[in-house]
Protein chains: 2
Amino acid sequence: MINGSAVEVNGRRYAAPKQPTVVFCIDGCEPDYIAQAVAGGHMPHLKRVLSDGTALLADCVVPSFTNPNNLSIVTGAPPSVHGICGNTLFDVEANEEVLMNDPKWLRAPSILAAVADIGQSVAVVTAKDKLRRLLGHKLRGICFSAEKADQATQQENGIDEVVSLVGMPVPDVYSAELSEFVFAAGVKLIQRQRPDLLYLSTTDYVQHKHAPGDERANRFYAMFDRYLGELDTLGAVFVVTADHGMNAKTRLDASPNVIYLQDLIDDWLGRERARVILPITDPYVVHHGALGSFATIYLNASDVAGVIEKLRALMGVEVVLPRAEAAHRFELPADRIGDVVVVSERSFVLGTSRSRHDLSQLELPLRSHGGISEQRVPLIVNRRIEGLDANRRWRNFDAFDLALNYAQ
Amino acid sequence: MINGSAVEVNGRRYAAPKQPTVVFCIDGCEPDYIAQAVAGGHMPHLKRVLSDGTALLADCVVPSFTNPNNLSIVTGAPPSVHGICGNTLFDVEANEEVLMNDPKWLRAPSILAAVADIGQSVAVVTAKDKLRRLLGHKLRGICFSAEKADQATQQENGIDEVVSLVGMPVPDVYSAELSEFVFAAGVKLIQRQRPDLLYLSTTDYVQHKHAPGDERANRFYAMFDRYLGELDTLGAVFVVTADHGMNAKTRLDASPNVIYLQDLIDDWLGRERARVILPITDPYVVHHGALGSFATIYLNASDVAGVIEKLRALMGVEVVLPRAEAAHRFELPADRIGDVVVVSERSFVLGTSRSRHDLSQLELPLRSHGGISEQRVPLIVNRRIEGLDANRRWRNFDAFDLALNYAQ
């Protein structure tokens with residue numbers, strides 16, 4: 001806290017909101033989803049915002065996954081600061097892979113908690129519950145997920161009776177409606193409780209299934225646009241950004257275009273010499289079969305150089321870096337990534353062993369993320385901000401800076 | 001010529017075809033077009049080929065434009081060998097931009113002409129006439145375009161009465177039917193004249209307009225698939241590759257995402273100090289408004305380093321190289337590119353001056369090509385070839401090598 005009208009969080013200063021302010025993290029929002037929906041006439045409100053407000057392209061954090069990027073947005077800092085470098089982490093001490101949903105992994109406070117601490121009202125709504133505890137850590141305010149909206153209590157979530165407030169049944173965790181519930185809840189909160197600061201984070205169910213311009217993708221963005229229109233009418237400032245983009249990841253025959261790293265390395269070194277970790281892994285694998293474009297590998301120091309050389313020769317591998325270089329380039333906590341970091345190209349994903357991926361539930365050609373190829377995301381503000389440098393490397397975690405320091 | 005059963009062209013040896021052999025250059029065939037069409041059930045014949053034959057991903061030539069890549073495919077060599085480094089060239093001596101459609105710019109013989117010279121029958125069908133003279137240079141055989149099919153004569157094209165042979169009217173130059181005419185002509189030629197070697201090159205009208213998975217794109221590939229099925233039935237060997245991929249090139253508001261290089265450089269150096277050349281330019285600019293992801297710049301030697309530094313700082317610029325480095329990296333003829341080569345990122349295109357681009361005819365969000373982001377293309381053979389190294393960097397100009405040396 002600086003004083004009652006501003007906070008300092010992770011080295012950046014944020015003014016307290018003067019009007020209801022909403023930051024959206026639209027999961028998997030490859031910029032082309034917006035362009036195609038606008039071109040098709042499905043986003044009249046956002047079209048006006050793009051013309052009259054501020055429209056930037058920004059880089060998200062690599063790995064371009066949900067947890068690291070949501071935490072970057074709400075802390076205004078990269079994973080080297082906040083510590084959340086994947087959905088999954090290899091806990092070296094426990095010798096097991098663990099979900100990074102527990103706040104014990106967090107190393108930095110959030111802007112949300114800091115703004116609440118100076119007496120502003122703050123609310124957070126997420127689609128899936130996996131993010132709720134991280135985003136709501138030390139937050140004195142409202143924080144609930146659409147997934148478990150019917151279980152929200154004053155004590156745990158700072159709110160109850162969410163389902164009747166929103167006026168929608170709790171949606172299936174695999175549905176477009178899970179995100180709509182987030183939007184609807186946001187608008188109702190602004191109407192009823194008028195929080196000062198609101199963070200809304202959706203799920204990429206639609207984006208994993210449908211490409212930009214697809215009718216079902218356009219329908220999702222048309223729905224989003226109606227809520228944006230309502231927020232505009234309510235006088236809210238909003239910023240729209242994303243945790244990551246999304247690309248098709250298939251072979252010519254439409255099967256998943258997987259490089260099975262564990263199989264390859266076992267073949268090179270012998271079994272049990274290396275452990276491939278896929279930090280995209282979360283409890284919701286139906287979308288992507290735990291296949292993304294980023295992997296880390298734990299292995300013996302003497303094997304690092306040789307494995308890096310072999311990996312770099314593979315078709316579809318974009319970048320292979322040893323731990324320190326990867327931590328530097330991608331601003332990751334060096335103690336939480338493997339000895340080697342691998343990023344695959346736009347149309348490729350990285351797997352462990354062929355036998356460990358159940359792809360039977362993938363109904364459609366694989367679309368996924370995690371790599372540098374999914375780094376570009378929208379950064380849109382419904383207020384015109386003069387004098388911004390479009391050639392600056394904007395980050396999705398500049399969202400609160402724009403919202404609170406420039407758009408009020 | 002080596003002897004009656006093989007030729008050597010540009011340092012590579014090719015066996016004469018033992019059965020009718022067709023090489024397809026599907027203009028603008030981003031690999032995902034095939035994946036999405038296969039997934040949607042629109043390409044049953046190709047689906048079988050992908051399973052039973054050979055399916056590779058290959059890199060095309062950068063600039064990922066039509067002329068350089070068609071010439072690379074038919075010469076089996078990069079532009080540093082064949083000399084065609086764009087659709088347009090800046091003729092330094094004449095101080096003007098000229099179309100590179102004249103065979104005088106060609107520096108290497110084609111595989112097609114060489115195979116014809118050993119007594120094999122060879123035929124070439126292109127969609128647009130712009131390529132016909134280059135592809136047919138010194139070719140003793142059939143060579144005509146769909147665009148001017150009604151004007152084909154025995155003397156000029158080695159064939160007449162094309163329209164009645166094909167049984168389709170001459171299509172509009174801006175249509176999907178222009179490519180269908182090429183396929184239909186190919187099948188009719190195989191049925192009636194059974195040429196030994198056939199090269200079929202289409203237009204990217206559909207790909208400039210519609211994304212992979214779009215209904216109209218799928219319809220195009222379904223049409224293509226029917227002709228592939230006919231060729232399979234006729235016992236032909238075929239190889240399918242492409243001149244380049246295709247990506248959306250728009251801002252969030254769906255307007256073309258252009259970096260106007262001439263305006264920027266005029267601003268930095270003053271007017272008339274530099275000349276930006278867009279080698280995508282051809283007489284058919286409705287598709288793309290002459291906007292692609294590759295440009296070269298002619299300027300004074302003393303300005304090169306400064307301009308390179310400034311260009312590298314621009315959002316959306318992927319690679320900026322001085323002439324010699326660009327010629328080396330992209331295998332281009334150093335004497336025919338500018339002092340600086342610029343490649344933009346996947347969602348960006350490069351323009352000259354804002355006032356010189358007429359974008360009024362662009363009906364749909366811009367899709368274009370030219371960059372490294374459009375370098376991956378399919379390389380498919382309807383015969384199983386054992387022992388190929390999938391991690392080798394395959395090129396689209398390996399198509400005739402696969403067709404003639406491996407698939408017979």
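Any residue that is charged (D, E, K, R) and under 23 Å from B:SER255 (Cα atoms) - is there at least one of those in the stretch B:327-343?
Scanning the stretch B:327-343 turns up no residue that is charged (D, E, K, R) and under 23 Å from B:SER255 (Cα atoms).
Looking at (1) under 25 Å from the mean Cα position of the chain (by Cα); (2) surrounded by 14 or more Cβ atoms within 10 Å (Cβ to Cβ); (3) at pLDDT 95 or above, which is the one condition that is false for A:VAL304?
(1)
Out of the stretch A:335-353, which residues are under 11 Å from A:PRO256 (Cβ atoms) and of a type outside the set (A, V, I, L, M, F, W, C)?
A:SER347, A:GLY351
Every residue, every condition in (1) under 18 Å from the mean Cα position of the chain (by Cα); (2) charged (D, E, K, R), yes or no:
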site	(1), (2)
A:GLY86	yes, no
A:ASN95	no, no
A:ASP102	yes, yes
A:ILE111	yes, no
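Would you confirm whether or not the stretch B:266-285 contains a residue that is within 14 Å of another protein chain (Cβ to nearest Cβ), farther than 21 Å from B:PRO378 by Cβ, touching a residue at least 40 places away in the same chain (Cβ under 8 Å) and not hydroxyl-bearing (Ser, Thr, Tyr)?
yes
State which residue pairs qualify: first residue within 14 Å of chain A (Cβ to nearest Cβ) and inside the stretch B:286-315, second residue surrounded by fewer than 17 Cβ atoms within 10 Å (Cβ to Cβ) and at pLDDT 95 or above in any location, beta carbons under 8 Å apart, and separation of 6 or more residues or different chains.
Close Cβ pairs satisfying both conditions: B:LYS310/B:TRP268; B:MET315/A:ARG393.
Can you pull out the residues in the stretch A:367-406 that are in contact with a strand residue (DSSP E or B) (Cβ under 8 Å, 6 or more places away or on another chain) and modelled with pLDDT under 95?
Those that are in contact with a strand residue (DSSP E or B) (Cβ under 8 Å, 6 or more places away or on another chain) and modelled with pLDDT under 95: A:LEU388, A:ALA390.
Hey, any hits in the stretch A:381-399 for a residue that's over 28 Å from B:MET315 (Cβ atoms) and either over 18 Å from the mean Cα position of the chain (by Cα) or within 13 Å of chain B (Cβ to nearest Cβ) (or both)?
No, the stretch A:381-399 contains no residue that is over 28 Å from B:MET315 (Cβ atoms) and either over 18 Å from the mean Cα position of the chain (by Cα) or within 13 Å of chain B (Cβ to nearest Cβ) (or both).
Could you say whether any residue in the stretch A:383-394 is small (Gly, Ala, Ser), in contact (Cβ under 8 Å) with a residue 40 or more places away in the chain, in the same structural domain as A:VAL239 (by TED's automatic domain parsing) and out of contact with any Asp or Glu (no Cβ under 8 Å at 6 or more places or on another chain)?
For the stretch A:383-394, residues small (Gly, Ala, Ser), in contact (Cβ under 8 Å) with a residue 40 or more places away in the chain, in the same structural domain as A:VAL239 (by TED's automatic domain parsing) and out of contact with any Asp or Glu (no Cβ under 8 Å at 6 or more places or on another chain): present.
For the stretch A:254-263, what are the residues that are at negative phi and either out of contact with any Ser or Thr (no Cβ under 7 Å at 6 or more places or on another chain) or assigned to a strand (DSSP E or B) (or both)?
Correct list: A:SER255, A:PRO256, A:VAL258, A:ILE259, A:TYR260.
Return the only residue of A:GLN155, A:GLN151, A:GLN120 being among the polar types (S, T, N, Q) and in contact (Cβ under 8 Å) with a residue 40 or more places away in the chain.
One residue alone meets the criteria, A:GLN120.
For the condition surrounded by fewer than 24 Cβ atoms within 10 Å (Cβ to Cβ), basic (Lys, Arg) and closer than 23 Å to A:ARG376 by Cα, what is the one hit in A:ARG48, A:ARG133?
Going through A:ARG48, A:ARG133 in turn, the sole match is A:ARG48.
I need the full set of residues from the stretch B:188-222 which are in a loop (DSSP other than H, G, I, E, B), acidic (Asp, Glu) and either within 14 Å of chain A (Cβ to nearest Cβ) or out of contact with any His (no Cβ under 8 Å at 6 or more places or on another chain) (or both), in order please.
Correct list: B:ASP196, B:ASP214.
Spot the failing condition for B:THR352; the list is (1) more than 14 Å from chain A (Cβ to nearest Cβ); (2) in contact with a Gly (Cβ under 7 Å, 6 or more places away or on another chain); (3) more than 23 Å from B:ALA211 (Cα to Cα); (4) of a type outside the set (Asp, Glu), and only one is missed.
The failed condition is (2).
Of all residues in the stretch A:137-173, count the ones that are out of contact with any helix residue (DSSP H, G or I) (no Cβ under 8 Å at 6 or more places or on another chain), small (Gly, Ala, Ser) and closer than 24 Å to A:VAL74 by Cα.
Total meeting the criteria: 1.
Looking only at residues that are surrounded by fewer than 24 Cβ atoms within 10 Å (Cβ to Cβ) and β-branched (Val, Ile, Thr) in the stretch B:61-104, which one is modelled with the highest pLDDT?
B:VAL81
In the stretch B:165-186, what count of residues is obtained for those that are without any contact (Cβ under 8 Å) to a residue 12 or more places away in the chain and either touching a Phe, Trp or Tyr at 6+ places or on another chain (Cβ under 6 Å) or among the charged types (D, E, K, R) (or both)?
Here the count works out to 2.
For the stretch B:30-117, please list each of the helices (runs of 4 or more DSSP H) lying entirely inside it that holds at least 2 residues being out of contact with any helix residue (DSSP H, G or I) (no Cβ under 9 Å at 6 or more places or on another chain) and within 14 Å of chain A (Cβ to nearest Cβ).
Answer list for the stretch B:30-117: B:31-39, B:44-52.
The values are calculated or read from the model by the stated rules, or taken from the named source; none is laboratory data. The shown structure was predicted, so the numbers you read here are calculated from the model rather than taken from an experiment. Positions of Cβ are generated from backbone atoms using ideal geometry, with glycine treated the same way; all protein chains shown enter the neighbour counts.
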